[in-house]
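The values are calculated or read from the model by the stated rules, or taken from the named source; none is laboratory data. This one's a predicted model, so the numbers in the text were calculated from it and none came from an experiment. Positions of Cβ are backbone-derived with ideal geometry, glycine not excepted, and every protein chain shown enters the neighbour counts.
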Amino acid sequence: VIQRRGKFPIQQDFYQDWESYKNGFGNMSEEFWLGNENIRVLCLKGCKIRFDLVDEKGEKGFALYQNFALSSGNYNINIGGYSGNVGDAIAYQNNYAFSTKDKGNTETAQRVKGGWWYEEAGLACHLNGVYKPGTNEGDTVNWLPWRDYKNLAGVEIKVRPK
């Protein structure tokens with residue numbers, strides 16, 4: 001598991017700087033980001049990646065990608081080979097560099113208050129957004145093709161070496 005979001009007693013702030021996203025932050029038994037450098041090293045020889053999503057009604061969905069890796073430096077995402085039942089939202093971010101409030105596409109990162117692979121035109125998914133139950137806004141934890149911008153109740157991102 002490289003990331004977890006959900007309803008926990010203490011909500012982790014995902015509006016972090018570049019170094020925090022590089023090295024990781026949070027509580028591994030609750031909400032956390034493993035760290036871009038850790039994720040990159042785990043997937044040096046290629047990985048599969050799975051996004052497990054739960055909406056506010058408790059319905060579950062997933063996206064599985066057969067190919068996933070991060071580049072060194074700006075942690076550009078390389079992702080493809082979708083299957084699942086929530087729509088291929090992250091394909092729009094393929095080959096984009098990771099961005100935070102202080103590096104990369106800082107304008108978008110500051111607007112949506114998180115770190116992610118932000119495309120220039122908008123967000124088809126944003127799983128490091130602000131956790132705001134009951135809302136339908138672009139800065140929330142969301143997967144656009146599945147539940148629009150409605151805040152998701154829970155997320156786990158998992159990788160497995162090929």
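Among all residue pairs at least 6 apart or on different chains, which show Cβ distances below 8 Å where the first residue, located in region 25-48, is in contact (Cβ under 8 Å) with a residue 12 or more places away in the chain and closer than 17 Å to Phe8 by Cβ and the second is acidic (Asp, Glu) and assigned to a helix (DSSP H, G or I)?
Between residues of region 25-48 that are in contact (Cβ under 8 Å) with a residue 12 or more places away in the chain and closer than 17 Å to Phe8 by Cβ and residues that are acidic (Asp, Glu) and assigned to a helix (DSSP H, G or I), there is no close pair.
Which pairs have Cβ atoms under 6 Å, sit 6 or more apart or on different chains, and link a residue in region 79-99 that is on the phi > 0 side of the Ramachandran plot to one that is among the aliphatic types (A, V, I, L, M) and surrounded by 20 or more Cβ atoms within 10 Å (Cβ to Cβ)?
Gly84/Ala63
Among Tyr75, Tyr82, which is the only one that is within 14 Å of the chain's Cα centre (by Cα) and aromatic (Phe, Trp, Tyr)?
Tyr75
Return the only residue of Leu127, Leu152 being farther than 18 Å from Gln16 by Cα, of a type in the set (A, V, I, L, M, F, W, C) and surrounded by 16 or more Cβ atoms within 10 Å (Cβ to Cβ).
On the way: Leu127 fails: farther than 18 Å from Gln16 by Cα.
Of Leu127, Leu152, the one residue that is farther than 18 Å from Gln16 by Cα, of a type in the set (A, V, I, L, M, F, W, C) and surrounded by 16 or more Cβ atoms within 10 Å (Cβ to Cβ) is Leu152.
Which of the numbered conditions does Tyr65 fail, given that it passes all the others? Conditions: (1) hydroxyl-bearing (Ser, Thr, Tyr); (2) within 20 Å of Phe14 (Cβ to Cβ); (3) out of contact with any Ser or Thr (no Cβ under 6 Å at 6 or more places or on another chain).
Tyr65 satisfies all of (1) hydroxyl-bearing (Ser, Thr, Tyr); (2) within 20 Å of Phe14 (Cβ to Cβ); (3) out of contact with any Ser or Thr (no Cβ under 6 Å at 6 or more places or on another chain) except (2).
In region 130-149, which residue that is assigned to a strand (DSSP E or B) and touching a residue at least 60 places away in the same chain (Cβ under 8 Å) is surrounded by the most Cβ atoms within 10 Å (Cβ to Cβ)?
Trp143
Checking the condition part of a loop (DSSP other than H, G, I, E, B), farther than 23 Å from Glu56 by Cβ and either of a type outside the set (Ser, Thr, Tyr) or modelled with pLDDT under 95 (or both), which residue from Glu107, Glu119 passes?
None of the other options fit; the residue is Glu119.
Determine if region 73-85 includes at least one residue that is modelled with pLDDT of 95 or more, surrounded by 14 or more Cβ atoms within 10 Å (Cβ to Cβ), aliphatic (A, V, I, L, M) and assigned to a loop (DSSP other than H, G, I, E, B).
The answer is no, given that none of the residues of region 73-85 is modelled with pLDDT of 95 or more, surrounded by 14 or more Cβ atoms within 10 Å (Cβ to Cβ), aliphatic (A, V, I, L, M) and assigned to a loop (DSSP other than H, G, I, E, B).
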